Structures are given as structure tokens and as C-alpha cells.
Amino acid sequence: MGHEPNALPLQYLGSLNYVTRFLSSTKIQNLLMILAFSYVIVQSGASAYTKDEASEDIVPIDEWEEEDEAEPEIGDGGDGGGIVFQNCSWGARALSIAQEILPQFGDDIELFSFKTTPRGYIYVRLDKLPNKYGCPDIEVIESYNREYKKRLDEAGHKGELPEDLAVEVSSPGAERLLKVPNDLQRFQDMPMRVSYIEDVDTKCLEKTGIFYLDAIETESGSCVWRLADVKENRDPAAKGRPFSRKQKDWRLILPYGMVKKVTLYLDC
């Protein structure tokens, strides 16, 4: 308790992203503000969809459909970033509206991921480039959601989209997958959890370490990693002593293709 509305506690940057949901523009049923977690949920019941060319692939929504919690992958439209329509004929138009309103919120806000579902859900993640974790302020997410929902409703009334689409806008959070090498320099001052293999020619086991990015060697297509000074890398027998010279000088050079997964590390 006691957190400012736009200050997200470190341990909630992962699964508890800022969230604002609108299921209908006509009747809001529930408004739940949880300041301790610094995220907002706004829900309302959706009316049955009209059956026209724009909505023929839509079924009525009875209750909020939670986003698929499958293991994230690069380009999955969720924590892996990217754009996914899932065979929704109206997905491209919904995306174009999402992109059209972005400039209203400044040059430092980008679309991290976008996903539509056949049941009429739209999941949007916004990325704030100057923020340490990429999390926009809650006011920005609320404002974007309102404007986006308004524009979707207008398009629905014109027959360009199904009416009463359900929208969830959030930030990528700490589970975001980092693209190798494109995203690494942005977060080079933060420890990262890196899953990798050491030999591409054998079926060697995947390893995981907590590292800082030391350098990117573009000519060889490799990343150079150094140990992060976190508890996972410390010798329990050291009893709080700093890294040894050997640990400080340790480096791991990995070609891009041997890096299987990179996420931000939170010492919670």
C-alpha cells in the first residue's frame, strides 16, 4: 500500500501490468481500482454482435476472456512483441486505428505488440522508450484506451469493424522477450536472464545465466556477456564479499543464434 498511482512496485512489473479494459461503450458494469498494484481494470458487458460482413467471424462475449498464458515467443503478439491477427478479417483495420492515435501520446510511446482474437478481443501493449522497464504511466494507458475504444466504436458504427470489440491495453512488463541483438543495447545497464546453448552442432542442454551485456560484435554476429552481481551468481560461502577478480573478468561470447531467450531480471 501507499504507492503512487503511476508508481508500479518492482515485483509487479511482470505479471501485473497496467491494464485497462473496455468491453462496451454503452454500459460499464465494474470499475476496480487497485492502487497497491498500480493497475486498473474497467469492464462492462458486451451486447451480442450484429451479423454483417465485418462481424461474421465474431461470436458474442459472455465474460472477459483472459489472454492466452502460453510460453511467450518472439512475434507472438504478446510478451514476445509483434502483430498477430489470428485470421481476423478486421484485424488490419483495428491495427491501423491503433497506429493512427499513437502520435497523440508523444514520440516516446510505441506499439510493442498487437493481437486480435476471433471472439472479438484486441490486446495492445504500449512501450515507453525512456522508461527503464518500458512501462508508460497509468494515465497514458487509460487515455490511450479511451481514445482507441472511441475510434473503434466509430468505425463499428460505419460498418468497418464489428461493434463492441473488447480491448485490453497494457505495458509489456518484465516478461517481455528481448530481440537479439536489436533490444539488447537499450537494456544494457540492466541485468538480463539469458538462456543459451554453447554448441550448435550437438544436442547440448540449454543453460541459463544472469548477465550484463558487455558488447555486441556486429562483424562476427556475437554478444559478449559478463556476470551480473546478483545472488544467483554469488558464492554462498563468500558471505557478502564482492566479486573476485576472476568473476569480474569472466566473459561469455555467444553468436546470436546460440542465444535462445533473453528477458529482464528482477531481483525481488
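Amide H contacts for L126 (H built 1.01 Å from N in the peptide plane; partners 5 or more residues away or on another chain; cut-off under 5 Å): F112, S170, S171.
Among S220, S195, the order of accessible area from largest down is S220, S195, computed with a 1.4 Å probe on protein heavy atoms. Of the listed residues F243, F187, the order by accessible area with a 1.4 Å probe, largest first, is F243, F187. Among the protein heavy atoms, those of D79 account for about 30 Å² of accessible surface (1.4 Å probe, every chain in place). The mean sequence distance of close C-alpha pairs (under 8 Å, at least 6 residues apart), as a share of the length of segment 55-205, puts its relative contact order at 24 percent. A full extension of the chain between T218 and E198 corresponds to an added length of 5.3 nm, given 0.36 nm per residue minus the alpha carbon distance.
Segment 148-250: which GluC sites (Glu not before Pro) are DSSP loop and have at most 12 other beta-carbon atoms within 10 angstrom? Don't skip to the answer; put the middle values down first.
On the way: sites: E154, E160, E163, E168, E175, E198, E206, E217, E219, E232; in loops: E160, E163, E175, E198, E206, E219.
The qualifying sites are E198, E206, E219.
Only Cα sites of segment 68-141 enter the Debye sum here, all with the same form factor; the resulting log10 I(q)/I(0) across q = 0.12, 0.16, 0.26 1/Å is -0.33, -0.59, -1.25, listed in q order. Assuming R0 = 51 Å, what is the FRET efficiency of I83 and K239, from their Cβ-Cβ distance, to the nearest 0.05? With R0 = 51 Å, the Cβ-Cβ based efficiency is 0.55. The HN-Hα couplings worked out from phi for segment 153-168 by the Karplus form 6.51 cos²θ - 1.76 cosθ + 1.60 (θ = phi - 60°) are 4, 4, 5, x, 5, 7, x, 7, 9, x, 7, 6, 5, 9, 10, 10 Hz, whole numbers, x standing for Gly and Pro.
How many angstrom separate the Cα center of segment 91-167 from the Cα center of segment 215-268? The two parts, judged by their Cα centres, are 36 Å apart.
If you add up the charges near L152, with Lys and Arg at +1 and Asp and Glu at -1, over every other residue whose beta carbon is less than 12 angstrom from its beta carbon, what do you get? Surrounding charge for L152 is -1. For E175 and L205, a Förster radius of 25 Å and the Cβ-Cβ distance give a FRET efficiency of 0.60, rounded to the nearest 0.05.
The values are calculated or read from the model by the stated rules, or taken from the named source; none is laboratory data. Remember, predicted model here, so these are calculated numbers, not experimental data. Glycine also receives a Cβ, built like all others from the backbone with ideal geometry; neighbour counts cover every protein chain displayed. Protein only, heavy atoms only, side chains kept; ligands, DNA and RNA dropped before computing areas. Shrake-Rupley method; radii C 1.70, N 1.55, O 1.52, S 1.80 Å.
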